[in-house]
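**Q** To start, I am sharing the structure in question, which I have written as structure tokens.
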Amino acid sequence: MDEDIILYFTAQVIISMLFMHSKNILLGDISSKNLLMTKENIIKLGDYGIIKDLKTNWKWDFLKPFQDLYCISPEVCSGETYGTKADIWALGCTLYEMVMLKRPFDKDNVNALFNNIRNEVKQRKLIRYFEKYVISPQNRAP
């Protein structure tokens, strides 16, 4: 997909997401399968079956169908409470899929998928710490 088109679509999703967040609504299911496009190339967010009120702390109910599991956030994978960061994570996964034409995380079963997501986040945090404090001497940890 062309870079300008990806940016155009992503901007529309961000505006929609920020609007919903401003109304204290967590979408909970931003993924490529829930982006609907009109004839005029306007992106609409679909599937509001699991929206949540942001004024409440939410944990994912593992007994209910949720979202596209490939876009699920590390907090949800760990059974922690989640908020707007979960939507932002899902948007990042969707953007990755648009650019790379593949999912950022892909495993055969839910447990392996969740472990992959959690481990990827831990690895990235370690890499950022290493780059900041080990590679860049002027930024060493106290």
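The values are calculated or read from the model by the stated rules, or taken from the named source; none is laboratory data. The structure displayed is predicted, hence computed values, not measured ones. Positions of Cβ are backbone-derived with ideal geometry, glycine not excepted, and every protein chain shown enters the neighbour counts.
**Q** Can you pull out every residue in the range 110-142 that is of a type in the set (Asp, Glu) and at pLDDT 75 or above?
**A** Correct list: 120 only.
**Q** For residue 41, all conditions in the list (1) of a type in the set (S, T, N, Q); (2) at pLDDT below 85; (3) loosely packed, with under 12 Cβ neighbours inside 10 Å hold save one; what is the number of the exception?
**A** (2)
**Q** Continuing with this model, one more query. Out of all the residues in the range 81-109, which are at pLDDT 85 or above and of a type in the set (D, E, K, R)?
**A** 85, 87, 97, 102, 103
**Q** Report, ordered by the first and then the second residue, all pairs with beta carbons closer than 9 Å, sequence separation of six or more or different chains, a first member in the range 10-39 that is under 22 Å from residue 77 (Cα atoms), and a second member that is charged (D, E, K, R) and exposed (fewer than 13 other Cβ atoms within 10 Å of the Cβ).
**A** 25/53; 26/53
**Q** Can we say residue 19 is aromatic (Phe, Trp, Tyr), surrounded by 12 or more Cβ atoms within 10 Å (Cβ to Cβ) and at pLDDT 90 or above?
**A** no
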